[in-house]
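See structure below.
Throughout, read-outs are computed from the coordinates displayed, never taken from laboratory work. No experiment lies behind these values; they were computed from the predicted model shown. Methodologically, a virtual Cβ is constructed for each residue, glycine included, from the backbone with ideal geometry; neighbour enumeration extends over all protein chains shown.
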Amino acid sequence: MQSPDDQLQRARQLLAGAFSGVLSTHSLEHAGYPFGSVVPYVLDQDGLPLLLLSNLSQHTRNLQANPHCGLLVSERATGDVQRQARLSAVGEVLQLPDSDDSERFFAYFPQSKMYFEELDFRFYRFEPVRFHWNGGFATARWFSVDRLVQANPLDRTTQVRILTHMNEDHVAALRHYLSEHEPMDSGATPIMVGIDADGIDLRVENRLHRVPLAESIASASEAREVLVAMAS
């Protein structure tokens, strides 16, 4: 059985690497009932889910009336759904007047830039109150926000520098990272779209992949050491 610290790390990786979840809001049309929607997200600089929502959608109208909601993310796997890891959080979704992480979001979901520029989509952030983790039999437990959420230790400029370097000079290494975790088309070209303390995020065409780092990092020099070691 995994220790609480191991479960915490799994929960962090799931939150960072699910890239979409079920957002449950308070229905305006049917008072007292929840309304569930699938929404894409990425973690922002503070480690919180950043959402791009249409002002015309039902869930956005629900949130504007009552921002309290739930977010459920689950492991992508086949087989018994009861054995798949999942993380459920309660909190609020609040609109952002602007987001310094907008380009990060567009890198993960390129089609979303058109939504933002032409279709009246706006950025929101999920601000959790508490998380409930279930990683399988006898693993269910609550995690506080300060234990589970991690701000990105690399500033945005450093992240962009690392991503640009890896995408321009080390495509073979990116293929190697991904192939260590799941099968991939040998002709596909992964694009590194994110890096944080515990992992890197790769996009292959329209599919996103989370690759955990062999060791947690806190600086650009540590990122270089870990990425070099993982490429060998």
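Observations on the structure shown:
- Projecting the alpha carbon convex hull of region 145-215 along each direction and taking the average yields 5.5 nm².
- Positive minus negative residues near residue 62 (Lys, Arg vs Asp, Glu; Cβ under 14 Å): -1
- For region 169-232, GluC sites (Glu not before Pro) are listed when DSSP marks them as loop and at most 14 other Cβ atoms sit within 10 Å of their Cβ; the list is 180, 205, 215.
- Inter-centroid distance (Cα atoms) of region 1-52 relative to region 69-103, Å: 1 Å
- Against the main long axis of the alpha-carbon atoms of the chain, helix 220-231 sits at an angle near 70°.
- Volume per residue that the Cα convex hull of the chain spans, once the total is divided by residue count, Å³: 140 Å³
- Think of region 4-148 as a dipole: +1 on every Lys or Arg Cβ, -1 on every Asp or Glu Cβ, centred on the Cα centre; then among 22, 137, 109, 137 lies furthest on the positive end.
- Local electrostatic count at residue 24 - Lys and Arg +1, Asp and Glu -1, tallied over other residues with Cβ under 14 Å: 0
- Taking 166, 114 and counting other C-beta atoms within 10 Å, the order from fewest to most: 114, 166
- Magnitude of the charge dipole, the chain, Cβ model with Lys/Arg +1 and Asp/Glu -1, debye to 20: 580 debye
- Label-point separation, residue 83 to residue 144 (7 Å along Cα→Cβ), nm: 3.5 nm
- Size of region 30-92 from its Cα atoms: along the principal axes, largest to smallest, the extents are 37, 33, 19 Å.
- Stokes-Einstein D (µm²/s) once Rh is taken as the Kirkwood radius of region 83-197 over alpha-carbon pairs, at 10 °C in 1.306 mPa s: 92 µm²/s
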